[in-house]
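Scroll down for the structure; my scribbles are underneath it.
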Amino acid sequence: MEFHAEFFPKSFSSKINHQQKLLLIGSCFTEQIGAKLSWHKFDTLENPNGILFNPVSIWKSLERYATGIAYTKDDLFKFNGVWGSWDHHTRFSSISTEECLKKINSSLIRGREFLIQAKWILITLGSAFVYERRDILSGPEYPQAVANCHKIPAEKFNRRLLPSEEVEKILSKMIAVIHKMNPSANIIFTISPVRHLREGFIENNRSKAALIQAVHQVVNENQVFYFPSYELVIDDLRDYRFFAEDMAHPNYAATNYVWEKFSIAVIDEPSRDLMKTIAGIMQARNHKPFNPESDQHKKFLQDNLIKIKLLRETHPYLNFEEEEHFFESGLE
């Protein structure tokens, strides 16, 4: 008896391999997939602006990477003694403008580098709701839309649900700015399965519906890819046991399930084989020895150093510096 309607995402016509750079932008689900890719030694950059949920903020971040215009103190605001940016997550905030700008502009430079060099750009859309500052007049370039409200009182913002037609135009702008800077980049759109229940149950479904309609319209009209993260969790797994305690975020099992489907559909077979060897080294890195001074453990460390050496000879683009240092320090 089948207890869920499993489906298998369509295999991509072009696939990811370890020699390619990947830029990942969007919701917190982006970082979960990004962590899996990074753990398997893909060359990735996740969310140079921090977590971004709405299409407007994602597009504005890509535009800024393209122009490379540095942020200044005039771009910041101060609230409760902390400086922050309306375009960035709170992890960039600081009690000093210098530290805040240092973190922001360093990440901007890195984001620009990856926008130009990345073979793959994965964009995860979280919500069609935008929060707009009420102290700024509306305009065609969304100057009032914020990436993060920074725990500032809700009455300072206007919440607006973008209709699918507006989302579609923004997604088209994303594609245009990416291909202007990097014509050969492959773009993957996906919709986060994270449920934005603080918006309300009905509102969350309206938001996801607007994103789904817009994304598929854009995919149909452009040579870009779609990966069904949302559908795998909501329609395939379709069970609260695959959500965390907040009933909004997919749990570890659900994330692994999506990752397995992603690997098969999006990553090429030689890289998947290589991932198995890499996983063995990474698991060894996390191994907790019963007796660190034993000859058996020393041999274990030496064996993994040999594995790294062999991988480096055949795949010089893989970075095992941290793991190599860890195994070597255990032998000292």
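The values are calculated or read from the model by the stated rules, or taken from the named source; none is laboratory data. Keep in mind the model is a prediction, meaning the values are calculated, not measured. Every residue, glycine among them, receives a Cβ derived from its backbone with ideal geometry; neighbour counts consider all protein chains shown.
Results, tabulated for the structure shown:
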{"read-out": "Residue selected from the range 225-254 under the condition at pLDDT 95 or above and of a type in the set (Ser, Thr, Tyr), by the criterion farthest from ARG195 (Cα to Cα)", "value": "TYR226"}
{"read-out": "Any hit, the range 125-142, residues being at negative phi, among the aliphatic types (A, V, I, L, M) and assigned to a helix (DSSP H, G or I)", "value": "no"}
{"read-out": "Qualifying residue in the range 269-292 (condition: at pLDDT 95 or above, closer than 23 Å to GLU6 by Cα, part of a helix (DSSP H, G or I) and out of contact with any strand residue (DSSP E or B) (no Cβ under 9 Å at 6 or more places or on another chain))", "value": "yes"}
{"read-out": "Residue that is in a helix (DSSP H, G or I) and more than 19 Å from the chain's Cα centre (by Cα), where the choices are VAL215, VAL177, VAL219, VAL233", "value": "VAL219"}
{"read-out": "Residues of the range 35-56 classified as farther than 15 Å from ILE104 by Cα and in contact (Cβ under 8 Å) with a residue 24 or more places away in the chain, total", "value": "10"}
{"read-out": "Criterion violated by ARG133 - all others in (1) at pLDDT 95 or above; (2) charged (D, E, K, R); (3) touching a helix residue (DSSP H, G or I) at 6+ places or on another chain (Cβ under 8 Å) satisfied", "value": "(1)"}
{"read-out": "Inter-residue pairs, beta-carbon under 7 Å, first not assigned by TED's automatic domain parsing to the domain that holds PHE42 and in the range 301-320, second assigned to a helix (DSSP H, G or I) and of a type in the set (Phe, Trp, Tyr), 6+ apart", "value": "LEU301/PHE327; ASN304/PHE327; LEU305/PHE327"}
{"read-out": "Residue under evaluation HIS196, criteria (1) crowded, with 17+ Cβ neighbours inside 10 Å; (2) out of contact with any helix residue (DSSP H, G or I) (no Cβ under 8 Å at 6 or more places or on another chain), criterion not met", "value": "(2)"}
{"read-out": "Those residues of the range 51-98 which are β-branched (Val, Ile, Thr) and within 18 Å of TYR131 (Cβ to Cβ), in sequence order", "value": "ILE51, VAL56, ILE58, THR90"}
{"read-out": "Number of the exception - GLY26 against (1) under 14 Å from ASN148 (Cβ atoms); (2) without any contact (Cβ under 8 Å) to a residue 24 or more places away in the chain", "value": "(2)"}
